[in-house]
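Comments concern the structure below.
The values are calculated or read from the model by the stated rules, or taken from the named source; none is laboratory data. Remember, it's a predicted structure, so these values are computed and weren't measured experimentally. No Cβ is skipped: glycine too gets one built from the backbone with ideal geometry, and neighbour counts run over all protein chains shown. Side chains are part of the model used for accessible areas, which takes the heavy atoms of the whole protein and leaves out ligands, DNA and RNA. Shrake-Rupley method; radii C 1.70, N 1.55, O 1.52, S 1.80 Å.
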Amino acid sequence: HCGMIAIVGRPNVGKSTILNEIVGQKVSITSRKAQTTRHRIMGIHTEGDYQAVYVDTPGLHIEEKRAINRLMNRAAASSISDVELIIFVVEGTHWTADDDMVLHKVKQTGRPVLLVINKVDQVKEKEELFPHLQWLGEQADFVAILPVSATQAKNIDLIKDQVRKYL
Ligand code: GDP
Ligand code: MG
């Protein structure tokens, strides 16, 4: 069981921190510079018969005001349409126009999408998260919605369990 998993989300939501937690000590390769033609390899996680190649998609977070940017975005969107699973990372407390943009591109691919709500340690009252959570769940047909905290290593195993299903 081997496949590519894209981790997407606007800057600063915690993609790198989550990946470091997933890959942990079992890392085979990590390189910020490693490139495939359409993806940047972020890390490889091997566990038993399962191997997941985590990729970043350069160009996914570009503003669409100019025609050339729209073209680059289309190329980025088509490159994440060949992964097994997309992990869409958002923050537990903030939703921005950039999140909207990423969500839109993710939905265009038609691939299965796992929604990861990171930084739940910053959510003081459960009531702060729940209305947001319900609204988020209505935005797309996510395979699952996982609240996690990458810095506290909370629920990272649940991400791995979901990934295994798509390899
Ligand atoms: P990326 O740009 O999406 O790759 O985000 P990073 O992984 O670089 O994280 C951005 C910032 O958010 C860093 O300062 C992280 O330490 C912080 N961060 C990441 N995950 C969490 C989390 O679960 N809780 C909190 N409180 N901070 C986090
Ligand atoms: Mg990063």
Before we move on, is residue 103 in contact with a Phe, Trp or Tyr (Cβ under 9 Å, 6 or more places away or on another chain) and part of a helix (DSSP H, G or I)? yes
Subset of the range 92-133 (residues that are farther than 26 Å from residue 77 by Cα and open to solvent by 80 Å² or more (accessible area, probe 1.4 Å)): 122, 124, 125, 126, 127, 128, 130, 131
Identify, by number, the condition in (1) among the acidic types (Asp, Glu); (2) modelled with pLDDT of 90 or more; (3) within 13 Å of ligand 1 (Cβ to nearest atom); (4) open to solvent by 20 Å² or more (accessible area, probe 1.4 Å) that residue 56 doesn't meet. (2)
Within the range 21-42, tally of residues that are modelled with pLDDT of 70 or more, more than 13 Å from the chain's Cα centre (by Cα) and either open to solvent by less than 20 Å² (accessible area, probe 1.4 Å) or within 12 Å of ligand 2 (Cβ to nearest atom) (or both): 3
Could you please let me know if residue 165 is buried (at least 16 other Cβ atoms within 10 Å of the Cβ) and among the basic types (Lys, Arg)? no
Of all residues in the range 78-91, count the ones that are assigned to a helix (DSSP H, G or I) and either of a type outside the set (Gly, Ala, Ser) or open to solvent by 10 Å² or more (accessible area, probe 1.4 Å) (or both). 4
Taking interchain pairs and intrachain pairs at least six residues apart, which have beta carbon atoms under 7 angstrom, with the first residue in the range 68-80 and at negative phi and the second hydrophobic (A, V, I, L, M, F, W, C)? 69/62; 72/62; 73/62; 76/60; 80/6; 80/8; 80/86
In the range 129-149, anything assigned to a helix (DSSP H, G or I) and closer than 10 Å to residue 92 by Cα is listed as 129, 130, 132, 133
Count - residues of the range 139-155 that are within 16 Å of ligand 2 (Cβ to nearest atom) and open to solvent by 30 Å² or more (accessible area, probe 1.4 Å): 1
